Amino acid sequence: GDGAVVVERKRARTKPPGLYQVVLLNDDYTPMEFVVMVLQHFFQHDVDTATHIMLKIHHEGRGVCGVYTKDVAATKVELVLAAARRDGHPLQCIMEAA
Ligand code: TYC
């Protein structure tokens, strides 16, 4: 060009990470004990909280396991689905923008 120097101001800060809810869905076949185990093992809930969340899902159809950044939420969904399929359960786990 004509030698003009264009300087773009850099973004002042990094983008805040989007947050995602990991949600378990009810079904008629997955044992309650398996869901409680999933909530303890993958979402670090104590047994009383895990049981409360499991019963909420059982009665209301769905329940939030935890809220995480996108990559962490996606990994938890995959780990839960892998564990459920390994044990032959139809449990469904999804992530939703929080
Ligand atoms: N409804 C299941 C049963 O009666 C228990 C269950 C709870 C399944 C939560 C899935 O996400 C779930 N055995």
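Bear in mind these aren't lab numbers, they're just calculated from the coordinates by the rules spelled out. Keep in mind the model is a prediction, meaning the values are calculated, not measured. Cβ: placed from backbone, ideal geometry, glycine included. Neighbour counts: every protein chain shown.
When the stretch 46-78 is filtered for residues that are within 10 Å of the ligand (Cβ to nearest atom) and under 10 Å from Gln21 (Cα atoms), the ones remaining, listed by number, are Gly63, Cys65.
Restricting attention to the stretch 9-32, report how many residues are near the ligand (Cβ under 7 Å from one of its atoms) and of a type outside the set (A, V, I, L, M, F, W, C). Break it down stepwise before answering.
First, the residues of the stretch 9-32 that are near the ligand (Cβ under 7 Å from one of its atoms): 24-32.
Imposing the further condition that a residue be of a type outside the set (A, V, I, L, M, F, W, C) reduces the set to 26-31.
Residues in the stretch 9-32 being near the ligand (Cβ under 7 Å from one of its atoms) and of a type outside the set (A, V, I, L, M, F, W, C): 6 in total.
Note on the stretch 19-97: enclosed strands (runs of 3 or more DSSP E) holding 1 or more residues that are among the β-branched types (Val, Ile, Thr) and surrounded by fewer than 17 Cβ atoms within 10 Å (Cβ to Cβ) are 62-69, 92-97. Listed by first and then second residue, the pairs linking a residue in the stretch 63-79 that is touching a residue at least 40 places away in the same chain (Cβ under 8 Å) to a residue that is part of a helix (DSSP H, G or I) and surrounded by 14 or more Cβ atoms within 10 Å (Cβ to Cβ), with Cβ atoms under 6 Å apart and 6 or more places separating them unless they lie on different chains, are Gly63/Ile53; Gly63/Lys56; Gly63/Ile57.
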